[in-house]
Ligand SMILES: O=C(O)C1=C[C@@H](OP(=O)(O)O)[C@@H](O)[C@H](O)C1
Ligand SMILES: C=C(OP(=O)(O)O)C(=O)O
């Protein structure tokens, strides 16, 4: 998927815009799985439509689930899960980790593969865990994609120990399908800390909203077998995708409002309120949504982003333009994301004349005057977003393969342009 370079626009004046955001990727793909495993049809209201969510819908359809468009909504009609089927995960972590446990419940063979980089992302622990829980998976001993799930129509479930330090999705995937396992599941994590606590909280909250009984303890989760059903899933705006727009208010000065910011949420993007305030933004909430105001001058950030790692690429770009150095830590697992994000961010910031150093578990960024040049994006949607933030202040940034942003935000470049020149 490549497209011509995109010239990231410079902000010639302070921004003053409201930016409505499409739905959360993480919530949409959880709602799809939970609705597919339900006892009756369900509706997903304002789902995100993007590569990652369309891939999840296609995967479920291939297993016999109806996912029908109804205006801007999706109607999900659970069906008897069956193979044979071929599932394309693309580069979606949520599809590669959430779908195989569902495939294990199908009767028949389900082959699962994705983009070349998907074959390098951590999968071994969930393959092993699924085998412990009674599923048959043929992965040729690779512990990675591609593999074939040889489903029998049921999974026994039970107790399993997993090292999920590489990705919280390894746990979320097991939990989301577990109400349909005969014995449910008791998952215990052993190893370095699991990242992305917010996403695990989202998994537990949405399971409960679908009627599942879930107990949690530190590093342990128990899901009781039982029916799942929720008539309507209302998807919140994707707060992680708010990062670049709110960050623009700091970089360019001015203000950006994201309408519909939830009063309470399990989304990690909610942490942007505190993180941007720590850099000097004025953050306020009102009937119009969440507003961030900035002056164009702001401090660097010293933060452990372990719980909210997916915010890193955009925050790193903001940090590269700050008045003081930044240190972002707790994010070693980002080396297993769409690309090795620590290496990619350091390489691209430095190629523009910046000073970013990789730490084993993070980045140190010392502000330096930057110059234009080609910004490589490594098939990573958030690298496109990071480049756009840099481009606000640095003329001549040419973003390679901007279409890759369609993983979660297909309209990004248009929204970016209208934020800079509101009608
Ligand atoms: O469960 C989810 O929806 C996600 C969990 C996180 O994964 P990791 O724990 O692998 O970082 C996050 O980075 C990803 O974008 C979405
Ligand atoms: C890490 C991310 O995605 P994925 O769901 O593919 O893991 C992300 O969106 O930043």
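The values are calculated or read from the model by the stated rules, or taken from the named source; none is laboratory data. Please read these numbers as outputs of a predicted model, since none were measured by experiment. Cβ coordinates were reconstructed from backbone atoms using ideal geometry, including for glycine residues, and neighbour counts include every protein chain displayed.
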Take residue 94 and tell me if it is crowded, with 24+ Cβ neighbours inside 10 Å, under 17 Å from the mean Cα position of the chain (by Cα), touching a residue at least 12 places away in the same chain (Cβ under 8 Å) and away from ligand 1 (no atom under 13 Å from the Cβ).
no
For segment 62-85, indicate whether the set of residues that are under 19 Å from the mean Cα position of the chain (by Cα) and over 15 Å from residue 233 (Cα atoms) is non-empty.
no
Qualifying position, being under 23 Å from residue 240 (Cα atoms), within 16 Å of ligand 2 (Cβ to nearest atom) and surrounded by fewer than 19 Cβ atoms within 10 Å (Cβ to Cβ), among 341, 335, 414:
335
When the residues of segment 215-242 are narrowed to those that are assigned to a strand (DSSP E or B) and within 21 Å of residue 42 (Cα to Cα), which ends up farthest from the chain's Cα centre (by Cα)?
232
When you go through (1) under 23 Å from the mean Cα position of the chain (by Cα); (2) free of Cβ contacts under 8 Å to residues at least 40 places away in the same chain one by one for residue 351, which number turns out not to apply?
(1)
Filter result for the condition that a residue is touching a strand residue (DSSP E or B) at 6+ places or on another chain (Cβ under 8 Å), in the same structural domain as residue 254 (by TED's automatic domain parsing) and within 26 Å of residue 166 (Cβ to Cβ), over 357, 387:
357
Among the strands (runs of 3 or more DSSP E) confined wholly to segment 2-91, which include 3 or more residues that are under 22 Å from residue 265 (Cα atoms) and in the same structural domain as residue 198 (by TED's automatic domain parsing)?
42-45
Residue 199 is checked against (1) within 16 Å of ligand 1 (Cβ to nearest atom); (2) part of a loop (DSSP other than H, G, I, E, B) and fails just one. What number does that condition carry?
(2)
Subset tally (residues that are buried (at least 22 other Cβ atoms within 10 Å of the Cβ) and free of Cβ contacts under 8 Å to residues at least 60 places away in the same chain) for segment 202-216:
1
Residue pairs meeting the criteria (Cβ under 8 Å; at least 6 apart or on separate chains; first in the same structural domain as residue 167 (by TED's automatic domain parsing) and farther than 18 Å from residue 195 by Cβ, in segment 116-127; second in a helix (DSSP H, G or I) and away from ligand 2 (no atom under 12 Å from the Cβ))
127/100
Out of the residues in segment 278-296 that are free of Cβ contacts under 8 Å to residues at least 40 places away in the same chain and in a loop (DSSP other than H, G, I, E, B), state the one that is surrounded by the fewest Cβ atoms within 10 Å (Cβ to Cβ).
287
Test: residue 124 is more than 21 Å from residue 228 (Cα to Cα), modelled with pLDDT of 95 or more and away from ligand 2 (no atom under 15 Å from the Cβ):
yes
Is there a residue being away from ligand 2 (no atom under 13 Å from the Cβ), crowded, with 24+ Cβ neighbours inside 10 Å, more than 17 Å from residue 7 (Cα to Cα) and more than 23 Å from the chain's Cα centre (by Cα) anywhere in segment 371-393?
no
Out of (1) closer than 29 Å to residue 215 by Cα; (2) outside any strand (DSSP E or B); (3) more than 16 Å from ligand 2 (Cβ to nearest atom), what's the single condition that is false for residue 161?
(2)
Apart from one, (1) away from ligand 2 (no atom under 16 Å from the Cβ); (2) free of Cβ contacts under 8 Å to residues at least 40 places away in the same chain all hold for residue 38; the odd one out is (2)
Would you point out which residue out of 207, 200 is assigned by TED's automatic domain parsing to the domain that holds residue 73, in contact with a helix residue (DSSP H, G or I) (Cβ under 9 Å, 6 or more places away or on another chain) and more than 15 Å from ligand 2 (Cβ to nearest atom)?
207
Could you please find all residues in segment 135-146 being under 23 Å from residue 82 (Cα atoms) and without any contact (Cβ under 8 Å) to a residue 40 or more places away in the chain?
135, 136, 137, 138, 139, 140, 144, 146
Would you pick out the residues in segment 111-151 that are in a loop (DSSP other than H, G, I, E, B) and within 23 Å of the chain's Cα centre (by Cα)?
114, 115, 121, 122, 123, 143, 144, 145, 146
For segment 181-201, how many residues are within 20 Å of the chain's Cα centre (by Cα) and surrounded by 22 or more Cβ atoms within 10 Å (Cβ to Cβ)?
6
